[in-house]
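Below: one structure, written as C-alpha cells.
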Amino acid sequence: MAESVGEMITDLVPLLMRPLMALAGRAYWRRPGDAPAVATGGPVWLMRCWAVGFGVLGLTVAALGGYGPLGREEPVAIGLVRLSAVAVVMSSRAAAAVFRLRARRAAPRPPRPGDG
C-alpha cells in the first residue's frame, strides 16, 4: 500500500459522509420548511433550488472521494457539475438573504419613545 493512513482517511471521509449531504438535500426538497436558516426566507421554490444544489454537491464530493483511493483523476464533467451545484447553492443563499432583508424592512415597527 503506497498511501499513508492519513491520505486514505482523507479520501474515505468524503466518500462516506457526503451521501448524507445528498440525503439531507432530498429531505429538504420534500420538506422545505425544515431547511436550515441560511436557505430560508424566500419562496418555496428557492429553498428547493438550494436543496437540489446541496444534494448534487454531496453526490459529486462523494464521487471525488471514490476516485482518490482508486488512484485515478476525477473526470472533468464531475468537476463541472460540482461547480454548478456550488453556484446554485450560493446564489440561492444570496437570494434568500435578500428576501429576508426585504421582509425585515417591510415589517411594521413600533413607534420610538419620544416620537409623537
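Would it be correct to say that residue 70 is closer than 21 Å to residue 81 by Cβ, surrounded by fewer than 17 Cβ atoms within 10 Å (Cβ to Cβ), more than 13 Å from the chain's Cα centre (by Cα) and not small (Gly, Ala, Ser)? It is true that residue 70 is closer than 21 Å to residue 81 by Cβ, surrounded by fewer than 17 Cβ atoms within 10 Å (Cβ to Cβ), more than 13 Å from the chain's Cα centre (by Cα) and not small (Gly, Ala, Ser). Evaluating residue 60 against the criteria (1) of a type in the set (Ser, Thr, Tyr); (2) out of contact with any Lys or Arg (no Cβ under 8 Å at 6 or more places or on another chain); (3) under 30 Å from residue 9 (Cβ atoms) leaves one unmet condition, (2).
Among the residues examined, residue 30 does not qualify as touching a Gly at 6+ places or on another chain (Cβ under 9 Å) and among the basic types (Lys, Arg). Looking at the range 41-58, can you tell me whether even one residue there is outside the structural domain of residue 100 (by the TED database), more than 23 Å from residue 101 (Cα to Cα) and of a type in the set (Gly, Ala, Ser)? Checked against the condition, which is being outside the structural domain of residue 100 (by the TED database), more than 23 Å from residue 101 (Cα to Cα) and of a type in the set (Gly, Ala, Ser), the range 41-58 yields no hits at all. Across the range 92-116, what is the number of residues that are open to solvent by less than 70 Å² (accessible area, probe 1.4 Å) and under 14 Å from residue 54 (Cβ atoms)? Summing the residues that are open to solvent by less than 70 Å² (accessible area, probe 1.4 Å) and under 14 Å from residue 54 (Cβ atoms) in the range 92-116 gives 2.
Residue selection: residue 11 fails the criterion of being of a type in the set (Asp, Glu), open to solvent by 30 Å² or more (accessible area, probe 1.4 Å) and under 25 Å from residue 97 (Cβ atoms). Within the range 58-67, the set of residues being open to solvent by 30 Å² or more (accessible area, probe 1.4 Å) and modelled with pLDDT of 80 or more comprises 59 only. None of 25, 42, 6 is farther than 30 Å from residue 71 by Cα, open to solvent by less than 70 Å² (accessible area, probe 1.4 Å) and not hydroxyl-bearing (Ser, Thr, Tyr) except 42.
Residues that are among the aromatic types (Phe, Trp, Tyr) and free of Cβ contacts under 8 Å to residues at least 12 places away in the same chain: list the helices (runs of 4 or more DSSP H) wholly contained in the range 4-116 that include at least 1 such residues.
Numbers: elements: 5-30, 44-70, 76-106.
Ranges flagged: 44-70.
The values are calculated or read from the model by the stated rules, or taken from the named source; none is laboratory data. Please read all numbers here as calculations on a predicted model, not as lab measurements. We place every Cβ from the backbone using ideal geometry, glycine too, and count neighbours over all the protein chains shown. Only protein heavy atoms, including side chains, enter the accessible area calculation; ligands, DNA and RNA are left aside. Shrake-Rupley method; radii C 1.70, N 1.55, O 1.52, S 1.80 Å.
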